[in-house]
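Okay, structure first, notes after.
The values are calculated or read from the model by the stated rules, or taken from the named source; none is laboratory data. The structure presented is a predicted model; accordingly, all values stated were derived computationally and were not measured. Backbone-built Cβ (ideal geometry, glycine too); neighbour counts: all protein chains shown.
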Amino acid sequence: MDAYRKHLKGCDATVLSSQNGRPVQFFLKGSPALVVSFQGERITALQGYGSGWKGDQLANLLGVAENRSGTLAAG
């Protein structure tokens with residue numbers, strides 16, 4: 001997960017919050033805008049923001065996230 005956190009930073013993601021000095025929530029600009037949250041060594045939340053996107057479209061959001069910032073590890 002540390003490599004994925006580093007990859008997100010390299011994709012110009014904004015760190016929204018940190019815990020014990022480690023980023024735990026990132027924001028990626030775009031359409032849809034994405035927020036990726038971590039807890040320990042797991043991705044615990046993926047949220048999309050933008051017109052036409054709903055919280056129940058997780059499969060679509062995972063596809064967008066993979067296309068825009070690399071492969072997400074299953075948690």
Task: Hits in segment 6-17 - residues which are surrounded by fewer than 17 Cβ atoms within 10 Å (Cβ to Cβ) and free of Cβ contacts under 8 Å to residues at least 60 places away in the same chain - done: Lys6, Lys9, Gly10, Cys11, Asp12, Thr14, Val15, Leu16, Ser17
TODO: Look at Leu62 and say whether it is modelled with pLDDT under 80 and surrounded by 13 or more Cβ atoms within 10 Å (Cβ to Cβ).
DONE: yes
Task: When residues of segment 18-31 are limited to those that are surrounded by fewer than 12 Cβ atoms within 10 Å (Cβ to Cβ) and within 16 Å of Arg42 (Cβ to Cβ), the one nearest to the chain's Cα centre (by Cα) - done: Gln19
